[in-house]
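The values are calculated or read from the model by the stated rules, or taken from the named source; none is laboratory data. Source: prediction; values computed, not measured. Note: ideal-geometry Cβ built from the backbone for every residue, glycine included; neighbour counts use all protein chains shown.
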């Protein structure tokens, strides 16, 4: 019989964490997927949390890809993906030196600076919409790939680049889905090479996967019904809250 995590305390934390990840994967709540590893790290190690979440992310990606098919901005993906692949390779090379707590702190600071910038531009009544930029896309894509590899925390760097483009919620969600679906598949190779998968983790992922499926579908449904005037401010508030949480967690653990 395949071993399985049976501690009830684990599932009290894991089910809400996976539900938030599913909503985010559906396009609703943007960076809420960031809370997955930190929440699970309350009851298991961050490394085990990341290993359990990756198959669940892949399942959610499959549902989200179907739900948002044909709506992604391939120009944005061309700007971000080369850097994203480089970031994953860098994360693999530095896996022994960079901890999840370091990444939490980095991502938290990036998140807060991003929200401050957006709020300042809004107060100055400056347009926050920008065109594609290959250099910026490569930089933020690399940072997204790196932080995604270490702690599944690639959303804030991705958003620094993508939210400024002014896409509709549907295009934003679809492009986000394709970017992270590709990077998550690629992450399987180094995760296997680093020995982060075992029978217990994979069995636990399978038990939690149905929660992710249902909540990803719910996220797609909600995103299609929220207007851009509500969608983007809501994303910025969520980024700020999660950024503060990640900074607190990162500083307290270092």
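So here's what we get for this one:
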| read-out | value |
| --- | --- |
| Conditions (1) touching a helix residue (DSSP H, G or I) at 6+ places or on another chain (Cβ under 9 Å); (2) part of a helix (DSSP H, G or I); (3) more than 18 Å from residue 23 (Cα to Cα): number failed by residue 177 | (3) |
| One residue from 72, 64, 14, 49 being within 27 Å of residue 222 (Cβ to Cβ), without any contact (Cβ under 8 Å) to a residue 24 or more places away in the chain and crowded, with 21+ Cβ neighbours inside 10 Å | 49 |
| Residues (farther than 17 Å from residue 90 by Cα and either more than 20 Å from the chain's Cα centre (by Cα) or at pLDDT 90 or above (or both)) located in the range 178-196 | 178, 179, 181, 195 |
| Filter result (touching a helix residue (DSSP H, G or I) at 6+ places or on another chain (Cβ under 6 Å) and either modelled with pLDDT under 65 or not in a helix (DSSP H, G or I) (or both)) within the range 123-139 | 128, 130, 132 |
| Residue pairs meeting the criteria (Cβ under 6 Å; at least 6 apart or on separate chains; first within 18 Å of residue 135 (Cα to Cα), in the range 156-170; second outside any helix (DSSP H, G or I)) | 164/128; 164/130 |
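Every residue, every condition in (1) buried (at least 24 other Cβ atoms within 10 Å of the Cβ); (2) at pLDDT 85 or above; (3) assigned to a helix (DSSP H, G or I), yes or no:
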position	(1), (2), (3)
121	no, no, yes
142	no, yes, yes
153	yes, no, no
156	yes, no, yes
162	yes, yes, yes
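The rows are residues; the columns are (1) within 27 Å of residue 140 (Cβ to Cβ); (2) in contact with a strand residue (DSSP E or B) (Cβ under 9 Å, 6 or more places away or on another chain); (3) exposed (fewer than 14 other Cβ atoms within 10 Å of the Cβ).
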residue	(1), (2), (3)
187	yes, no, no
195	no, no, yes
205	no, no, no
211	no, no, no
216	yes, no, no
222	yes, no, no
225	no, no, yes
233	yes, no, yes
236	yes, no, no
